[in-house]
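The values are calculated or read from the model by the stated rules, or taken from the named source; none is laboratory data. Because the structure is a prediction, the values reported are computed rather than measured. Note that each Cβ is placed from the backbone with ideal geometry, even for glycine, and that neighbours are counted across all protein chains shown.
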Amino acid sequence: MNGYGMRIVHNDSKCMYDGMREKNVNNVSVPWRPLTTAYSQDGMIDLLELISDNEFKNNDDVLEVIKRLFIPNYEVARFHFEEAISFDCFEPNTKPGFYRTSDIQRTMEYIRDEGIK
């Protein structure tokens, strides 16, 4: 894995990543672990250990994966934070991308109220 970022690769045709293509073209190790294994406390420790060992070219990728797996509603809300901020749903007081659960909740309310799917 050294030198590469981390991506969530789904096992269906809708995924933007083709795991086998990535493996053949970019010599990427796919899969690291099944999502069901990563989505556990042990999976979290494994991800943190990989960061600690500097296994990634860019730790931002693995931090984003951790947020997507472990922060409730982050997966949906992440696409709408800027919109929710522009509509004054919340005032960010954290580093971009590291929103509080209350900010995520307000973003989810914005999504619901605006009928966004």
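Given Lys14, Lys67, which one is among the charged types (D, E, K, R) and either at pLDDT below 70 or touching a Gly at 6+ places or on another chain (Cβ under 6 Å) (or both)?
None of the others qualify; the one that does is Lys14.
Just one of the listed residues (Phe56, Phe90) is modelled with pLDDT of 85 or more and among the aromatic types (Phe, Trp, Tyr), and it is Phe90.
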